[in-house]
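Novice: One structure, as structure tokens, below. Some questions next.
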């Protein structure tokens with residue numbers, strides 16, 4: 001069940017209007033779903049007065065994890081023109097619980113911190129529950145991408161089809177890592193150089209006539225670009241020369257955050273080290289303190305605690321990975337340009 005609570009104020013004081021009902025300016029709905037637009041409560045539905053200037057209405061939700069738009073029609077004095085006010089409302093969350101007391105989803109973390117903030121649900125900018133989740137999600141995205149955490153490293157396979165000049169990268173690809181495994185599917189090693197500068201890559205590409213299959217061979221150089229033929233964002237490697245046969249090799253990369261790469265739902269837990277649950281909670285509190293304009297001292301204390309946590313995690317999740325394989329480098333130091341280590345430390349702003 002979801003309950004609408006509408007507080008009718010004038011100059012900060014609650015008062016009773018001549019009439020108030022759930023109604024849109026075009027008389028099309030009282031409450032509607034945001035995902036489908038389906039009407040949940042019909043236009044003209046009366047609300048119940050629970051106190052001076054406070055009106056409520058409770059309705060049955062067609063499903064969990066929905067958001068709604070509701071509209072109130074208010075006539076201050078009999079015979080006057082009605083005014084309409086539209087608001088957002090979060091329905092009940094799904095019953096999914098964390099598998100342990102140490103892991104959060106957006107829903108469970110929102111529930112954890114929401115009790116600390118006693119504010120008006122009808123505050124400007126959208127309902128508090130909706131803004132809580134937005135702040136928590138953005139905090140998770142920032143924290144995931146803020147450093148080249150060890151848990152982000154992943155080994156993928158890059159496959160070159162015979163006659164091809166491009167290969168799609170994994171859907172969770174974020175950036176190249178500075179460590180490389182030069183290993184093909186047939187165990188024959190060969191070098192393949194990633195080039196940061198597309199102009200330099202184009203100059204190398206023009207050494208070969210792609211219309212002449214006789215110039216096809218073992219791919220040697222590649223650059224990472226967006227696949228313009230795909231509507232969603234997809235990264236691909238464009239390489240040269242064109243492959244004269246099928247090739248594949250494993251490479252190491254950093255994964256994108258799951259909210260972007262996997263469209264992680266608000267009810268799903270984030271898979272990262274348990275210690276990051278605490279950091280996520282701290283960072284979410286900082287953003288919420290600022291959003292709700294809480295005491296500056298409270299905000300400063302939370303930010304100081306987060307900085308200490310962040311510093312400790314960078315030390316514990318260092319960049320060292322032991323390997324017997326050589327690092328691929330070139331005279332132009334292209335790998336230095338595409339290397340991931342510390343990539344975001346100077347370019348991503350510190351959370352405020």
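The values are calculated or read from the model by the stated rules, or taken from the named source; none is laboratory data. In this text the structure is predicted, and so the values were computed from the model without any measurement. Quick reminder, even Gly has a Cβ in these numbers, built from the backbone with ideal geometry, and neighbours come from all protein chains shown.
Novice: Given the criterion outside the structural domain of residue 263 (by TED's automatic domain parsing), touching a residue at least 12 places away in the same chain (Cβ under 8 Å) and over 24 Å from residue 131 (Cα atoms), identify the matching residue among 83, 27.
Specialist: That would be 27, the only listed residue that is outside the structural domain of residue 263 (by TED's automatic domain parsing), touching a residue at least 12 places away in the same chain (Cβ under 8 Å) and over 24 Å from residue 131 (Cα atoms).
Novice: Here's a follow-up. Filter region 58-69 for residues that are buried (at least 16 other Cβ atoms within 10 Å of the Cβ), assigned to a loop (DSSP other than H, G, I, E, B) and touching a residue at least 60 places away in the same chain (Cβ under 8 Å) and give the result.
Specialist: 65
Novice: Determine whether region 208-229 contains at least one residue that is out of contact with any helix residue (DSSP H, G or I) (no Cβ under 7 Å at 6 or more places or on another chain), modelled with pLDDT of 85 or more, under 30 Å from residue 146 (Cα atoms) and assigned to a loop (DSSP other than H, G, I, E, B).
Specialist: No, that holds for no residue.
Novice: Test each condition in (1) modelled with pLDDT of 80 or more; (2) surrounded by fewer than 16 Cβ atoms within 10 Å (Cβ to Cβ); (3) in the same structural domain as residue 288 (by TED's automatic domain parsing) for residue 110 and report the one that comes out false.
Specialist: It is condition (2) that residue 110 fails.
Novice: Looking at 79, 37 in this structure, which one is surrounded by fewer than 16 Cβ atoms within 10 Å (Cβ to Cβ), at positive phi and modelled with pLDDT of 85 or more?
Specialist: 37
Novice: Enumerate the pairs (first residue in region 300-320 and farther than 15 Å from residue 290 by Cβ; second residue anywhere and at pLDDT 90 or above and loosely packed, with under 11 Cβ neighbours inside 10 Å) with beta-carbon separation below 9 Å, excluding pairs fewer than 6 apart on the same chain, so at least 6 apart or on different chains.
Specialist: No pair meets every condition.
Novice: Looking at region 266-296 only, could you name the residues that are loosely packed, with under 15 Cβ neighbours inside 10 Å and either part of a loop (DSSP other than H, G, I, E, B) or not assigned by TED's automatic domain parsing to the domain that holds residue 147 (or both)?
Specialist: The answer is 271, 273, 274, 293, 295.
Novice: Could you check region 1-36 and list, in sequence order, the residues that are over 16 Å from residue 84 (Cα atoms) and in contact with a strand residue (DSSP E or B) (Cβ under 9 Å, 6 or more places away or on another chain)?
Specialist: 1, 2, 3, 14, 15, 33, 34, 35
Novice: Looking only at region 129-170, which residues are within 30 Å of residue 112 (Cβ to Cβ) and at pLDDT below 85?
Specialist: Hits for region 129-170 are 129, 130, 131, 132.
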